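First comes the structure, then the notes that go with it.
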Amino acid sequence: MAREKPAWQHLDSAQLVLLGAAATLTVAAAVSLAAAGTVDEPKPAVIFGALIALGELFRMNMPGGREVAPISTAGALGYGMLLSVGGEPVTYSALQVVAVTAAGMFAGTLPHIAVGRSPQLDAMARRLVVAAAVAFLFRPLTGLLFDERLTLGEWWTALGLMTVIACAAGCSDMVVAAAIRAEAVRVRFGIAFLDEFRAGVLLCAAKTATGMLIAVATSVMGLAALLLFTAPILTTQFAFRRYAAVRTTYLQTVRALSRVTEVGGYVETGHSRRVSRLAVAMSRELGMTEEQSLELEYAALMHDIGQLSLPDPIPGGATVFASPTEQRRIAELGANVIEQTGVLDRVAHIVRCQSDPYSADPAPPLAGRIIKVANAYDDLVGDSTDRDRAAAVLERLRLDSVSEYDPAVVESLGTVLERRTYRW
């Protein structure tokens, strides 16, 4: 019997580099504290460590499988940029920031591990590396530029440095996240970075602003400021959690609707799910953004819902064998059903255009051309894993790509199938 690969072998190269950097920083911080034998300014270290642990405890998952911990990140940034506590300067090192952040993250993760919710190690490593980058860039300046009580001009200088350093660290984090995502889902780096920017820029701005606010307020008001100025990021987190829940509910609802045609015997079991997975994989090959791929997934899941209005089901549910007129009728009826939701108009447009040939004028949208190819392939292959059958169907689609199917989309299907075949 084949042995299962160790968990680390499932990580891509970008994740391994990131985890290695986080591990190196953690070990270096632990060795530094052990050599010193004490923690500088222990009270702020404990309070900020507790805040980071609380943030890890209440971390959440955003659309696209992104794990975020806004409170934890804001706390780590605030600790890394702290100048004083109630007017008393602090002098701890960047390595102490790494140690406190790592300890807080570990403590906040333990309850999740205890109930079987494994963390995303690369997401945790990114949060640690961002905090470390800010600390290593900012902490040395506290001794060089701000060793006494700050004047108004020095405060403006400090705020400027905080903004530049925190924004640079946030952008670097997006670059790393994009590199990991590009390798994980096999999409171009530029597309992955655009997806990460759109998905995370608002939350990144909130975390950065809160971290700076915590650092400034604590310097003036003392540690009690943490309770007051953590509230905005907490409110923001609840808003983003609600948004993520709505997105999840949409997808669950669409998946449930897609099964109606299967339960009613109009299409083969698993057809809609296979078409959607194939379509999303093809969309990545063709450079579609995450938002466009999500709309495509919705449309692919519901592309056959128009068959519910047919008096007699198409044999096997294979619309590829139906006449062009019947295909257009099914697409139109399906689009009308989707439009009744009032929130999926663009998805309805994709479903309406899925039956249009590639040579139509005007040309159907790319998402519609993708569904047309993915649906035809699954209608002819189904859940079969016969490579010869798959190759024959792919060749048939290539021959019909002069007018019926988009040649570029068909070739993207071939690329996806090659990767799947390699993994069989």
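The values are calculated or read from the model by the stated rules, or taken from the named source; none is laboratory data. Just so it is clear, the structure is predicted and the values come from calculations on it, not from any experiment. Every residue, glycine as well, gets a Cβ built from its backbone with ideal geometry; the counts of neighbours run over all protein chains shown. What goes into the accessible areas is simple: the full protein's heavy atoms, side chains included, and nothing from ligands, DNA or RNA. Shrake-Rupley method; radii C 1.70, N 1.55, O 1.52, S 1.80 Å.
Here is how the numbers come out for the structure above:
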read-out: Convex hull projection area averaged over all views, region 316-378, Cα basis, nm²; value: 4.4
read-out: Relative contact order %, the chain, counting alpha carbon pairs below 8 Å whose residues are six or more apart; value: 13
read-out: Size of electric dipole in region 94-184: Cβ of Lys, Arg +1 and of Asp, Glu -1, about Cα centre, debye, nearest 20; value: 260
read-out: Rounded to whole Hz, the Karplus (6.51, -1.76, 1.60) HN-Hα couplings of region 394-408, x for glycine and proline; value: 4, 5, 4, 5, 5, 5, 8, 7, 5, 10, 8, 10, 5, x, 5
read-out: Neighbourhood net charge (15 Å Cβ-Cβ; Lys/Arg +1, Asp/Glu -1) for Gln252; value: +3
read-out: Solvent-accessible surface ranking, highest first, for Leu82, Leu16, Leu223 at 1.4 angstrom; value: Leu16, Leu223, Leu82
read-out: Exposure of Thr289 as accessible area (Å², to 10), given a probe of 1.4 Å and all protein chains; value: 10
read-out: Per-q log10 I(q)/I(0), region 91-211, q = 0.09, 0.10, 0.16, 0.19 Å⁻¹ (Debye; single scatterer per alpha-carbon; no solvent); value: -0.33, -0.40, -0.91, -1.12
read-out: Principal-axis tilt of helix 290-301 within the chain, Cα atoms, nearest 10 degrees; value: 40
read-out: Amide H contacts under 5 Å for Val85, placed H, 5+ residues apart; value: Val90
read-out: All-pairs Cα distance distribution in the chain, expressed in whole percent, bin size 20 Å; value: 24, 43, 26, 8, 0
read-out: Using distinct alpha-carbon pairs, which all enter the 1/r mean, Kirkwood radius of region 180-266 in Å; value: 16.6
read-out: Acute angle (nearest 10 degrees) that the helix 13-36 long axis makes with the longest principal axis of the chain, alpha-carbon atoms; value: 20
read-out: Residue-wise HN-Hα coupling along region 162-177, computed from phi with Karplus coefficients 6.51, -1.76, 1.60 (Hz; x: Gly, Pro); value: 4, 4, 5, 5, 5, 5, 4, 5, x, 5, 4, 4, 5, 4, 5, 4
read-out: Region 257-387: Rg to Rh, with Rh as the Kirkwood radius over Cα pairs; value: 0.93
read-out: Dipole magnitude (debye, nearest 20) for the chain, charges at Cβ of Lys, Arg, Asp, Glu; value: 700
read-out: Overall Cα dimensions of region 286-355 - principal axes, largest extent first, Å; value: 37, 28, 18
read-out: Heavy-atom accessible area ranking, 1.4 Å probe, most first, across Cys171, Cys204; value: Cys171, Cys204
read-out: Rounded to whole Hz, the Karplus (6.51, -1.76, 1.60) HN-Hα couplings of region 129-139, x for glycine and proline; value: 5, 4, 4, 5, 4, 5, 5, 5, 7, 9, 4
read-out: Angle between the chain longest axis and helix 70-80 axis [Cα atoms, degrees, rounded to 10]; value: 30
read-out: Summed residue charge, Cβ within 12 Å of Arg117's Cβ, Lys/Arg positive, Asp/Glu negative; value: -1
read-out: Formal net charge of residues neighbouring Gly75 (Cβ-Cβ distance under 11 Å; K, R +1; D, E -1); value: +1
